[in-house]
Amino acid sequence: MKTYSVTELGNMDSITRVTLKEKLDLTGAEISANRLPAGAEIPFAHSHKRNEEIYIFTSGKGLFLLDGTKLPVKEGTAVRVSPSCVRSIRADNTIGLSYFCIQVDEGSLVQATQNDGIISEEKPQW
């Protein structure tokens, strides 16, 4: 049985939204790759019942509406949003906005990398 899964997203500028749950057989997170063209926006606001979301903006700029607060975002901005926060996103009028959204069950992280990682006895064979 394979211990990893791989998918290709292709040109990130040509996607609108790609969800990775099925493509990567994810069991503990939902991840989507997203792109809004210049001037575009998510046409609704939403919150969640259980899932917190982490947004990682990879190119462009725009506004992130968080409980009524307009937060400017750009390449390199990362934002954690609690389940109850009402949110939406708008790309700047002059440039599109690309980002990853990672959903996980709030409070579910039991061990972080330093406590969960196991150093292998095997050296990497490049």
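No value in this document is a laboratory result; all are computed from the given coordinates. Everything numeric here is computed off the predicted structure, so don't read it as measured data. Glycine gets a Cβ as well: all are built from the backbone with ideal geometry, and neighbour counts include every protein chain shown.
None of PRO72, PRO43 is without any contact (Cβ under 8 Å) to a residue 24 or more places away in the chain and outside any strand (DSSP E or B) except PRO43.
Within region 93-100, is even one residue over 24 Å from LEU9 (Cα atoms) and buried (at least 16 other Cβ atoms within 10 Å of the Cβ)? No: zero hits.
Every condition in (1) aromatic (Phe, Trp, Tyr); (2) loosely packed, with under 11 Cβ neighbours inside 10 Å; (3) part of a strand (DSSP E or B) is met by TYR55 except one, and the failing one is (2).
Is it the case that region 22-29 has a residue that's in contact with a His (Cβ under 8 Å, 6 or more places away or on another chain) and either assigned to a strand (DSSP E or B) or charged (D, E, K, R) (or both)? No, because not a single residue in region 22-29 is in contact with a His (Cβ under 8 Å, 6 or more places away or on another chain) and either assigned to a strand (DSSP E or B) or charged (D, E, K, R) (or both). Which members of region 22-60 meet the condition of being within 18 Å of SER108 (Cα to Cα) and of a type outside the set (Ser, Thr, Tyr)? Listed by number, the residues that qualify are LEU26, GLY28, ALA29, GLU30, ILE31, HIS48, LYS49, ARG50, ASN51, GLU52, GLU53, ILE54. Just one of the listed residues (LYS70, LYS61) is over 21 Å from ALA33 (Cβ atoms) and either surrounded by 15 or more Cβ atoms within 10 Å (Cβ to Cβ) or not acidic (Asp, Glu) (or both), and it is LYS70.
For region 80-95, taking the residues that are outside any strand (DSSP E or B) and among the polar types (S, T, N, Q), the one that is nearest to ILE56 (Cα to Cα) is identified as SER82.
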